[in-house]
1. Going by average Cβ density within 10 Å per residue, which order do the peptides 158-166, 425-433, 460-468, 54-62 take, highest to lowest?
2. Taking 30 Å as the cut-off for C-alpha to C-alpha distance, list the pairs among LYS57/LYS502; LYS59/LYS165; LYS99/LYS499 that go past it.
3. Would you please name the GluC sites (Glu not before Pro) within the range 302-401 that are DSSP coil residues with at most 15 other C-beta atoms within 10 Å of their C-beta?
4. In square nanometres, what is one fourth of the surface area of the convex hull spanned by the alpha carbons of the range 457-646?
5. More than 18 Å apart: what percent of Cα pairs in the range 3-151 qualify?
6. Name the lysines eligible as straight-distance cross-link partners of LYS421: C-alpha to C-alpha under 23 Å, and not fewer than 8 places from it in the same chain.
7. So what is the relative contact order of the range 3-151, in percent, for Cα pairs below 8 Å that sit 6 or more residues apart?
8. Based on the mean of other beta carbon atoms within 10 Å per residue, what is the order of 287-293, 600-606, most packed first?
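Here, each number is a calculation from the coordinates, and none is a lab measurement. Please read these numbers as outputs of a predicted model, since none were measured by experiment. We place every Cβ from the backbone using ideal geometry, glycine too, and count neighbours over all the protein chains shown.
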Amino acid sequence: MEASVILPILKKKLAFLSGGKDRRSGLILTIPLCLEQTSMDELSVTLDYLLSIPSEKCKARGFTVIVDGRKSQWNVVKTVVLMLQNVVPAEVSLVCVVKPDEFWDKKVTHFCFWKEKDRLGFEVILVSANKLTRYIEPCQLTEDFGGTLTYDHMDWLNKRLVFEKFTKESTSLLDELALINNGSDKGNQQEKDRSIDLNFLPSVDPETVLQTGHELLSELQQRRFNGSDGGVSWSPMDDELLAQPQVMKLLDSLREQYTRYQEVCRQRSKRTQLEEIQQKVMQEWFAVYVELNQQIAALLNAGDEEDLVELKALQQQLSDVCYRQASQLEFRQNLLQAALEFHSVAQDLSQQLDGLLGMLCVDVAPADGASIQQTLKLLEEKLKSVDLGLQGLREKGQSLLDQISNQASWAYGKDVTIENKENVDHIQGVMEDMQLRKQRCEDMVDVRRLKMLQMVQLFKCEEDAAQAVEWLSELLDALLKTHIRLGDDAQETKVLLEKHRKFVDVAQSTYDYGRQLLQATVVLCQSLRCTSRSSGDTLPRLNRVWKQFTLTSEERVQRLETAVAFHSSAEKILQECPEQPEAFNEMEQFDEIEAVGKSLLDRLTVPVVYPDGSEQYFGSPSDMASAAEHIREKMKLVSLKKQQLRQPEATTPES
């Protein structure tokens, strides 16, 4: 699907990809609903188009969808959310419905999205615009939601149109040029002559397409490094959604095919000129030979007996001269053909070196580690092609030098030593120049290779750091949802406490691993003289998740330690013999146990409060109720024991 086909729909901005990312590095898809009725068919078409743009790797990280319902009605919002499960169910990880401040609350109670999570395939939350930053960083939100990310829909759409037009034209042109170039390499001369007019006329001007591609790439790279307004230095939208690597790849392929096309045209022109000259020479020389031979034959027929020997000698001399001339022409033709092949290979090699040098002079601006590996592979392939080209040039040069060294004197003993020396010096000079240029390119490739390998390492560190944040988030999630039990007795609670400490050690190692990776990115960025994305995104996320984990872990430790104290004291009292009331210090221990138990029950109802004001509970309400029930049962046993000890003499008179 092309943007030009659905341009009127895309201009309505029913949905858009701003380039922002959630905390799991997934792309943010925004659906801004308005007061007017939204066409679900047009919205579906828009979503289909937008979701065809990112790479499979981006899609695998999932999308966070922001449905802005502040200017819409509840039934429209509900329809849009339900529609998402049919459009992008596998890719959506979270849907944030931005609600108005007041008038939805009663209607929302009739349809609870969280109860529909299994059916929808994704989580849906209702949130106010000012609370979105709990789920998405402000720098990844557009100004409509109080963020700082700049997004111009028409500017993005215009670039998509230019990109798709360039992609379509360049792909078609590549096919045509490949057909022309391959056709010139095979087939007999008659077939090539018959198809020359058709093959040598591409449907579009290669220079125009190349210029369009360079302008597009230049603008993308400028936005990549300077930001759309000269501010931010990293724009994931440019790299991931505007397919800068694809533009670079198409331009490289176009330049290569266009260079071959130009060489095909040049070779054809030279070959035609050479054939015309040879034809004229042969015609003139052969005409003289025929005329002289006819004159001698006429004299032989009409000549006297005494002239016969002389005429036959002249005829033999004419034949010898003709044979020598033909041999010289053939040798000269072979020599010129060898020179033509040598200079053709030299020109091809020169163009390859120019292309390699041009690639080395352009600064590296990859989107991720995979694109760096692809660029590095292309660089190695170009260098290998240059090596093969230089080897072919040496072979052609040596063949040409051998022919020159075997060259005999031309017409009637003319000395060609000086001319040959000039030709030899020229050929050797061309080969030496190509060797020096290749050596300079090799030195530059070594430097670029080191830089690109460092960039691969940088991206790997950034990806692993983001993965460490994700792991830490999963550990926090597991801590809140599964680490709920407080134990039925002191021994079990102590075991749980020990397991929790090991769990915290794992989280600490994960956090330290993430910090080390981020420190490595700083060192690599200093070496590469660039700005790391991690310093502005991953590091705050890592510190925030670690702070939340630390607070949650401390609360878990407090609950377990309180539970150990409660179970230990309760078990000690319950195991004492009722005949020894003096051991209970006038019921003070019973009061302490009851106080500890109530304190523990109170803690179970209190959420963990994070620095940003958000709250989280351990487990579900039913999980907490189950844990509290065990505490209450033991408190009842302690209370019953207390009542028994208060009436020790009730049975004494009967005895």
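1. Details: 158-166: 17.9, 425-433: 13.8, 460-468: 20.7, 54-62: 15.3.
Final packing ranking: 460-468, 158-166, 54-62, 425-433.
2. LYS57/LYS502; LYS99/LYS499
3. For GluC sites (Glu not before Pro) across the range 302-401 that sit outside H, G, I, E and B with at most 15 neighbouring Cβ atoms in 10 Å, the list is empty.
4. Details: hull surface 49.5 nm².
Answer in nm², one decimal: 12.4.
5. Details: 6100 of 11026 pairs.
Of all Cα-Cα pairs in the range 3-151, 55 percent lie more than 18 Å apart.
6. Qualifying lysines at Cα under 23 Å: LYS396.
7. Reported as a whole number, the value is 22 percent.
8. 600-606, 287-293
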